[in-house]
1. So, of the residues in the range 35-51 that are hydrophobic (A, V, I, L, M, F, W, C) and loosely packed, with under 15 Cβ neighbours inside 10 Å, which turns out to be farthest from A114 (Cα to Cα)?
2. Would you say V60 is assigned to a strand (DSSP E or B), touching a strand residue (DSSP E or B) at 6+ places or on another chain (Cβ under 8 Å) and touching a residue at least 40 places away in the same chain (Cβ under 8 Å)?
3. Quick one: which residue in R34, R53 is farther than 30 Å from A180 by Cβ, in contact with a Phe, Trp or Tyr (Cβ under 7 Å, 6 or more places away or on another chain) and touching a residue at least 12 places away in the same chain (Cβ under 8 Å)?
4. Can you report the number of residues in the range 79-120 which are surrounded by fewer than 20 Cβ atoms within 10 Å (Cβ to Cβ) and in a strand (DSSP E or B)?
5. Any idea which of F54, F15 is touching a helix residue (DSSP H, G or I) at 6+ places or on another chain (Cβ under 8 Å), surrounded by 12 or more Cβ atoms within 10 Å (Cβ to Cβ) and not assigned by TED's automatic domain parsing to the domain that holds E107?
6. Being among the small types (G, A, S) and closer than 24 Å to E119 by Cβ is the filter here; which residues of the range 1-34 pass it?
7. When you look at E159, is it in contact (Cβ under 8 Å) with a residue 24 or more places away in the chain, outside the structural domain of K45 (by TED's automatic domain parsing) and out of contact with any helix residue (DSSP H, G or I) (no Cβ under 8 Å at 6 or more places or on another chain), yes or no?
8. Quick check on this structure: which one of A39, A35 is under 17 Å from M1 (Cβ atoms), modelled with pLDDT of 90 or more and either in contact with a strand residue (DSSP E or B) (Cβ under 7 Å, 6 or more places away or on another chain) or not aliphatic (A, V, I, L, M) (or both)?
Amino acid sequence: MAKASDIKNGNILRFNGELVQVEEFIHRTPGNLRAFYQARMRNVKTGKLVEYRFRTDEEVDIARVETNDYQYLYEDGNDLVIMDNTTYEQHNVPKFLFGNAVKFLKEGINVIVAFESDEPIMAKAPSSVELEITYTEPAVAGNTSTNALKNATVETGAEIKVPLFINIGDKVKVDTAAGAYVERVKG
């Protein structure tokens with residue numbers, strides 16, 4: 001067991017039976033009182049914020065978390081199957097860990113996944129991906145006002161808004177966090 005003084009921002013702790021990531025960790029010494037650590041932590045699974053004061057000598061359980069690059073292979077029910085690029089080991093990762101970005105993942109793309117003793121606890125998609133437009137309405141002549149957007153479907157099946165000049169077959173860059181069009185990619 002580690003002491004509270006060993007905690008750093010970004011550490012993952014086992015706290016009240018749950019895994020939490022430390023977002024902010026501050027040492028406080030108020031007036032003539034005992035020093036303590038003020039921690040702001042986010043539950044890894046639920047995303048809920050937890051605040052707690054640790055005594056300086058309090059024992060804490062810092063989880064051993066391995067974060068690595070993996071390749072997304074295919075979808076399997078509520079999971080995505082990923083492969084370790086060095087050992088070729090395959091793991092199932094629940095889709096919800098990727099959040100909304102999951103609808104922009106296509107097979108073969110690299111993702112980052114964190115495991116704590118063989119259990120996936122966090123997953124991150126690339127910040128942007130290049131996808132092909134599989135369906136969109138053709139632009140109507142005369143309707144070329146600035147910033148006008150139309151609906152389009154990308155190759156993963158997700159719908160995004162794109163400018164009027166985008167056509168079926170064009171490749172576009174999509175921001176996975178916002179689910180928004182960034183730019184057209186030159187073929």
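The values are calculated or read from the model by the stated rules, or taken from the named source; none is laboratory data. These figures come from a predicted structure and were not determined experimentally. Backbone-built Cβ (ideal geometry, glycine too); neighbour counts: all protein chains shown.
1. So the residue we want is A35.
2. Yes; evaluated as a whole, the condition is true for this residue.
3. Unique residue meeting the criteria: R53.
4. 14
5. Checking each option against the conditions leaves just F54.
6. A2, G10, G17
7. It is false that E159 is in contact (Cβ under 8 Å) with a residue 24 or more places away in the chain, outside the structural domain of K45 (by TED's automatic domain parsing) and out of contact with any helix residue (DSSP H, G or I) (no Cβ under 8 Å at 6 or more places or on another chain).
8. Answer to the check: A39.
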